[in-house]
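Reading through the structure tokens given below for one structure.
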2 protein chains.
Amino acid sequence: MIGVGIIGFGTVGVGTVKILRENHWLIKQRTGIDIRLLKIADVDLKRKRDVNVEPNLLTDDPSEIINDDRIEIVVELIGGIRPAYDYIIEAIRKGKWVVTANKALLAEKGTEIFKLAREKNCEIGFEGSVCGGIPVIKAIRDGLIGNKITSILGILNGTSNYVLTKMTEEESSFEDALKEAQKYGFAERDPSLDVDGVDAAHKLLILILLAFHYQLRMEDIVVRGVRRIEPIDIKFAKEFGYKIKLLAVAKLFGSEIEARVEPVMLPINHPLSSVDGVYNAVFILGDRVGANLYYGRGAGADPTGSAVVSDIVDMALRMRGEKKIPRIPVVSDEIKGVRPGNEVCAPFYMRFIAEDRPGVLSKISGILASYNISISAVIQKGRKEGGFVPIVMLTHEAEEGPLKKAKDEIDKLSFIKGETLYLRIEEGSS
Amino acid sequence: MIGVGIIGFGTVGVGTVKILRENHWLIKQRTGIDIRLLKIADVDLKRKRDVNVEPNLLTDDPSEIINDDRIEIVVELIGGIRPAYDYIIEAIRKGKWVVTANKALLAEKGTEIFKLAREKNCEIGFEGSVCGGIPVIKAIRDGLIGNKITSILGILNGTSNYVLTKMTEEESSFEDALKEAQKYGFAERDPSLDVDGVDAAHKLLILILLAFHYQLRMEDIVVRGVRRIEPIDIKFAKEFGYKIKLLAVAKLFGSEIEARVEPVMLPINHPLSSVDGVYNAVFILGDRVGANLYYGRGAGADPTGSAVVSDIVDMALRMRGEKKIPRIPVVSDEIKGVRPGNEVCAPFYMRFIAEDRPGVLSKISGILASYNISISAVIQKGRKEGGFVPIVMLTHEAEEGPLKKAKDEIDKLSFIKGETLYLRIEEGSS
């Protein structure tokens with residue numbers, strides 16, 4: 001059992017608490033560890049929240065968490081520099097391990113916090129501080145640990161990316177796109193931190209520390225936002241084969257780092273160019289792994305909560321202090337088996353090679369109809385009387401079983417050549 | 001110090017050894033752990049390899065590794081079912097932790113191997129078995145640990161993806177595209193495992209075990225390859241707004257899993273549709289994190305070696321068995337500082353708003369030339385004599401310092417309105 005206390009019961013706090021409760025069993029099954037949420041502190045205890053917690057868990061005094069000996073992991077989710085900094089410092093002094101999603105704090109006070117953590121043999125988890133639910137911090141720290149990283153390109157701010165995407169798709173002005181972002185809750189009333197590049201720069205400093213092992217300061221880097229971009233710039237970009245993106249860039253040249261946040265023109269076929277809306281992505285070059293890209297939602301209660309929880313679990317696993325704790329994939333008995341493939345519904349693409357004569361189409365569609373398969377589109381091209389031509393159909397949702405039977409029946413028709421090909425249309429979950 | 005032995009000194013073995021040697025210091029600095037490569041076994045010790053190792057490290061007898069008490073981690077990189085399976089079982093019996101990149105073995109014998117590992121309190125690392133250098137195993141195991149994963153869509157086989165990409169880009173036949181893949185070493189002489197979907201299915205089973213906690217068998221799932229796809233199918237797909245991809249799909253429906261590997265039509269704007277060539281990617285839906293995508297090179301000595309090394313280090317960190325081992329970002333003294341932003345070279349986009357009268361263009365380009373900035377393209381649109389129109393230029397590579405000076409000088413000209421905008425063109429590293 002590992003005791004956890006959370007300071008800050010706002011958006012991300014609620015997301016975190018929900019995951020710790022609703023997926024508690026799942027996490028326990030996967031790790032063998034029982035993560036216990038023992039206390040939540042917030043200045044406002046009366047606000048209606050999206051999760052129910054027992055009143056005795058709540059306090060308006062963070063020191064109740066910091067001084068609670070049962071609590072080994074303190075999660076700071078209030079944001080801003082003060083008093084978050086003071087709580088974190090106090091917690092480390094007490095020997096607590098700390099999880100935070102506070103990028104501004106780490107960008108500004110990271111050096112001091114990490115120094116104290118090193119002295120006190122404590123860890124600071126900060127997966128939630130960069131790109132919300134994308135586990136990019138752990139990717140750099142663990143997955144790419146054998147690599148010298150030479151370059152990082154990131155779309156690190158969802159608000160400006162949403163604004164640029166709207167400007168690109170709807171040819172709207174910066175002001176209109178920003179208003180829309182504010183309407184949907186993707187931008188703050190004062191959007192400066194986001195659209196002026198400051199938030200992205202905070203995150204870039206954190207990535208640089210992890211990847212290049214150097215603590216840059218905000219004043220070291222060029223930070224430019226997206227306010228000056230106009231619809232004509234986006235139009236010209238398109239004409240030249242580019243997309244305008246607010247890009248955070250860090251590259252290593254020998255012992256020098258190049259670092260900046262600014263709107264740039266990115267080739268339309270670069271993997272980052274298709275990262276639109278509120279999504280974030282980080283493109284990393286390692287000397288061994290080559291190009292890697294990590295993509296996902298950069299903010300929000302649940303994605304950021306997911307990152308915070310991953311830090312808590314990661315720490316808990318290393319805190320148990322037993323010798324050699326292997327991690328072996330667990331097999332649960334929740335899953336009963338495989339859904340038979342031919343019961344899976346999807347629209348299908350069917351391609352027949354058929355003799356080009358009257359009545360063919362009606363015969364094929366008649367057989368499909370007898371299996372209850374309806375057609376959403378037909379293309380028949382390159383007519384040549386008496387020869388063989390491809391006929392293509394898209395179906396509405398159908399089960400594969402009947403579709404295959406219909407196809408087998410059609411393939412027996414005298415005017416069909418070879419075996420008909422069908423492909424499922426995977427609309428993609430998102 | 002952690003002792004490591006490698007069985008199998010082929011492509012991935014060489015990649016792994018090179019990383020352990022060439023980035024040894026980097027890994028030690030990042031983790032405090034000294035990973036020592038103590039022995040390498042291979043049947044062929046004479047072959048010329050891309051790395052030099054001391055002859056006394058080499059043996060043709062794997063049992064020298066399995067029985068060496070100094071070796072705590074055994075890395076199996078010979079591939080295939082036998083004798084790889086026997087070496088792994090023997091190593092686990094001896095209490096060794098095992099790293100492998102052998103997807104066929106895990107797909108076929110995973111249940112037994114994991115069962116024995118659990119009994120012996122040993123771990124099996126297999127990051128290298130799925131998607132080469134993309135740390136997707138660790139993403140699922142660690143980064144998304146708070147998530148119930150509901151869906152996985154993957155482009156898991158580089159060979160078939162290369163073939164489909166060639167067929168799409170060059171309208172070539174399956175046979176021609178495959179021949180090209182073979183020419184460049186992206187396909188084996190016998191390509192069946194790759195183009196028939198078997199390799200992708202092996203990987204899918206591993207992802208399913210990790211994400212859904214269920215051990216499917218190969219015979220449980222539908223596996224279809226790409227041989228039957230013809231250029232006309234690719235053309236029709238395009239017409240309907242789709243791309244044909246060999247997709248590995250696993251979805252959770254209550255207590256049932258849907259799983260299959262088959263070519264499908266994927267909407268052109270789905271994030272996986274832009275994954276081309278030998279690249280792999282995995283698209284994951286978690287109940288908290290939403291959509292996540294992981295992209296990178298799916299095979300090759302260095303990318304797979306990068307994954308193997310990440311497993312070795314991950315294990316080594318947990319093997320030390322001390323109480324509470326925090327991981328704090330290290331600051332190295334290798335980096336000296338930031339490269340001044342205005343010395344960074346790039347092509348630039350410049351957008352002037354200028355009065356539409358003769359001589360304007362020559363004046364602007366004259367000033368740019370005086371700062372040694374040369375122009376690669378100019379667009380001037382919507383002429384209206386006497387009014388103001390945008391003039392757009394792309395420059396060749398230039399430093400920002402002189403460019404800004406030129407811009408400031410140009411902005412002082414009487415026929416220029418407002419402040420000229422310039423954006424760097426980030427060609428993107430890849």
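The values are calculated or read from the model by the stated rules, or taken from the named source; none is laboratory data. Keep in mind it's a predicted model, so treat the numbers as computed, not measured. No Cβ is skipped: glycine too gets one built from the backbone with ideal geometry, and neighbour counts run over all protein chains shown.
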If we keep only residues of segment B:1-23 that are in contact with a helix residue (DSSP H, G or I) (Cβ under 6 Å, 6 or more places away or on another chain) and more than 13 Å from chain A (Cβ to nearest Cβ), then the residue modelled with the lowest pLDDT is B:T11
Per-region count, segment A:109-126, residues touching a residue at least 60 places away in the same chain (Cβ under 8 Å) and more than 7 Å from every other protein chain (Cβ to nearest Cβ): 4
Under 6 Å by Cβ, and 6 or more places apart or on different chains, what pairs join a residue from segment B:278-298 that is at positive phi with one that is surrounded by fewer than 24 Cβ atoms within 10 Å (Cβ to Cβ)? B:G290/A:R297
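Residue by residue, here is whether (1) surrounded by fewer than 16 Cβ atoms within 10 Å (Cβ to Cβ); (2) at pLDDT 95 or above; (3) of a type in the set (F, W, Y) holds:
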position	(1), (2), (3)
A:K183	yes, yes, no
A:V195	no, yes, no
A:A200	no, yes, no
A:Y214	no, no, yes
A:R217	yes, no, no
Among (1) within 12 Å of another protein chain (Cβ to nearest Cβ); (2) more than 22 Å from the chain's Cα centre (by Cα); (3) farther than 30 Å from A:L26 by Cα, the one test that B:K245 misses: (2)
In contact with a His (Cβ under 7 Å, 6 or more places away or on another chain) and surrounded by 13 or more Cβ atoms within 10 Å (Cβ to Cβ): does that describe A:V330? yes
Within segment A:267-309, residues more than 21 Å from B:A281 (Cβ to Cβ) and touching a helix residue (DSSP H, G or I) at 6+ places or on another chain (Cβ under 7 Å) come out as A:A299, A:A301, A:D302, A:T304, A:G305, A:V308, A:V309
Pairing a residue in segment B:26-55 that is within 14 Å of chain A (Cβ to nearest Cβ) and surrounded by 14 or more Cβ atoms within 10 Å (Cβ to Cβ) with any residue that is part of a helix (DSSP H, G or I) and small (G, A, S), where Cβ atoms lie under 7 Å and the two sit 6 or more apart in sequence or on different chains, gives B:I33/B:A316; B:I35/B:A316
So for segment A:268-276 (the condition being acidic (D, E) and assigned by TED's automatic domain parsing to the domain that holds A:Y184), does at least one residue qualify? yes
Going residue by residue through segment A:114-128, is there one that turns out to be out of contact with any helix residue (DSSP H, G or I) (no Cβ under 9 Å at 6 or more places or on another chain), modelled with pLDDT of 95 or more and of a type in the set (K, R)? no
Does A:A301 satisfy being among the small types (G, A, S), within 14 Å of the chain's Cα centre (by Cα) and more than 8 Å from every other protein chain (Cβ to nearest Cβ)? yes
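Identify all residues within segment A:248-264 that are facing chain B (nearest Cβ under 7 Å) and touching a residue at least 40 places away in the same chain (Cβ under 8 Å); write none if there are none.
A:V249, A:I257, A:A259, A:E262, A:P263
Table: residues versus (1) surrounded by fewer than 15 Cβ atoms within 10 Å (Cβ to Cβ); (2) assigned to a loop (DSSP other than H, G, I, E, B); (3) not charged (D, E, K, R).
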| site | (1), (2), (3) |
| --- | --- |
| A:M350 | no, no, yes |
| A:L361 | no, no, yes |
| A:G366 | yes, no, yes |
| A:A377 | yes, no, yes |
| A:M393 | no, no, yes |
| A:L403 | no, no, yes |
| A:A406 | no, no, yes |
| A:E419 | yes, yes, no |
Test: residue in segment B:323-331 that is over 30 Å from B:G386 (Cα atoms), out of contact with any Ser or Thr (no Cβ under 6 Å at 6 or more places or on another chain) and in a helix (DSSP H, G or I): no
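Output the residues belonging to segment A:136-175 that are among the hydroxyl-bearing types (S, T, Y) and over 21 Å from the mean Cα position of the chain (by Cα).
A:T150, A:T168, A:S172, A:S173 - these are the residues of segment A:136-175 that are among the hydroxyl-bearing types (S, T, Y) and over 21 Å from the mean Cα position of the chain (by Cα).
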Can A:R224 be described as of a type in the set (K, R) and within 12 Å of chain B (Cβ to nearest Cβ)? yes
Being over 19 Å from B:E426 (Cβ atoms) and more than 7 Å from chain B (Cβ to nearest Cβ) is the filter here, so list the residues in segment A:145-162 that pass it. A:G158, A:T159, A:Y162
What helices (runs of 4 or more DSSP H) lie completely within segment A:10-101 and have 3 or more residues being closer than 18 Å to A:A307 by Cβ? A:11-22, A:24-31
Restricted to segment A:85-99 and to residues being within 23 Å of A:L45 (Cβ to Cβ) and touching a residue at least 60 places away in the same chain (Cβ under 8 Å), the residue surrounded by the most Cβ atoms within 10 Å (Cβ to Cβ) is A:V99
Restricting the search to segment B:228-276, which residues are touching a Gly at 6+ places or on another chain (Cβ under 8 Å) and acidic (D, E)? B:E256, B:E258, B:E262
Within segment B:334-345, track down each residue that is at pLDDT 75 or above and either more than 7 Å from chain A (Cβ to nearest Cβ) or over 19 Å from A:L205 (Cα atoms) (or both). B:P340, B:E343, B:C345
In this structure, does B:N292 turn out to be of a type in the set (S, T, N, Q), within 21 Å of the chain's Cα centre (by Cα) and in a loop (DSSP other than H, G, I, E, B)? no
Can you find even one residue in segment A:175-191 that is touching a residue at least 12 places away in the same chain (Cβ under 8 Å), in contact with an Asp or Glu (Cβ under 9 Å, 6 or more places away or on another chain) and within 14 Å of chain B (Cβ to nearest Cβ)? no
